[in-house]
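Shown next, in structure tokens, is the structure this report addresses.
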Amino acid sequence: SAVISQKPSRDICQRGTSLTIQCQVDSQVTMMFWYRQQPGQSLTLIATANQGSEATYESGFVIDKFPISRPNLTFSTLTVSNMSPEDSSIYLCSVESGGAEQYFGPGTRLTVT
Amino acid sequence: DAKTTQPPSMDCAEGRAANLPCNHSTISGNEYVYWYRQIHSQGPQYIIHGLKNNETNEMASLIITEDRKSSTLILPHATLRDTAVYYCIASPSPGGGADGLTFGKGTHLIIQP
């Protein structure tokens, strides 16, 4: 299993600013994923982050808006840039630890005013 | 990944078995059926997965039809803590592999006291 923590747990930000979300895992993992969950909706995959390579983004998500870092096998950050109210969501990271399941962090609840 | 279809909501009495159906009629031969749940304000939690055979673990049982076009997740003795959104996902790779997981709308299961 893997235990994942995220910082911050929640934040309220003004439009036009940026927020960096941190994801820390208690063990080394190859694959890390970032998801977005808009209010009342299901989860949507933003990107896949592998250590030592550029993140792979899903359709509709771009690096300029959601830059991702993956400096080592236990840590990743997602930045939400130039925020607008439409970016208000829960952002979750997850890891695939070589077994059958993904483990998810508790999420970061972002409100943009 | 194959598309899955689930009822948007279900009720179940506490102590009874909760049977959650999922249709995945376009599933391909190499795709597993995964079930996750998301309790309010938490990240999704893995429940169980299977390919062809029925599976059981400490949380639930998974019944997959012989043609693999549908499945049922069974929570044998539902408790109030089982109230959550349950997601049925078809994925070719254990844990989502390099592609992450594609979440549908899920079933909101409400356990009634």
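Nothing in this text is a laboratory measurement; each read-out follows from the coordinates by a stated rule. Here the structure is a predicted model, which means the values were calculated and not measured. When we count neighbours, we look across all protein chains shown, and the Cβ atoms used for this are built from the backbone with ideal geometry, even at glycine.
A compact table of results
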item	result
Close pairs from the range B:69-81: first closer than 14 Å to B:I47 by Cα, partner among the hydroxyl-bearing types (S, T, Y), Cβ under 6 Å, at least 6 apart	B:I74/B:S61
Residue count for the range A:66-102, restricted to those that are in a loop (DSSP other than H, G, I, E, B) and within 13 Å of another protein chain (Cβ to nearest Cβ)	5
Among (1) within 13 Å of the chain's Cα centre (by Cα); (2) surrounded by fewer than 19 Cβ atoms within 10 Å (Cβ to Cβ); (3) within 12 Å of chain B (Cβ to nearest Cβ); (4) of a type in the set (A, V, I, L, M) - the single one A:I63 does not satisfy	(3)
Residue match in the range A:34-52 (condition: more than 10 Å from chain B (Cβ to nearest Cβ) and either aromatic (F, W, Y) or more than 28 Å from B:G106 (Cβ to Cβ) (or both))	yes
Hits in the range B:55-113 - residues which are out of contact with any Ser or Thr (no Cβ under 9 Å at 6 or more places or on another chain), closer than 30 Å to A:T30 by Cβ and not in a loop (DSSP other than H, G, I, E, B)	B:T56, B:A84, B:P94
B:R68 being over 18 Å from A:L43 (Cβ atoms) and either facing chain A (nearest Cβ under 10 Å) or crowded, with 18+ Cβ neighbours inside 10 Å (or both)	yes
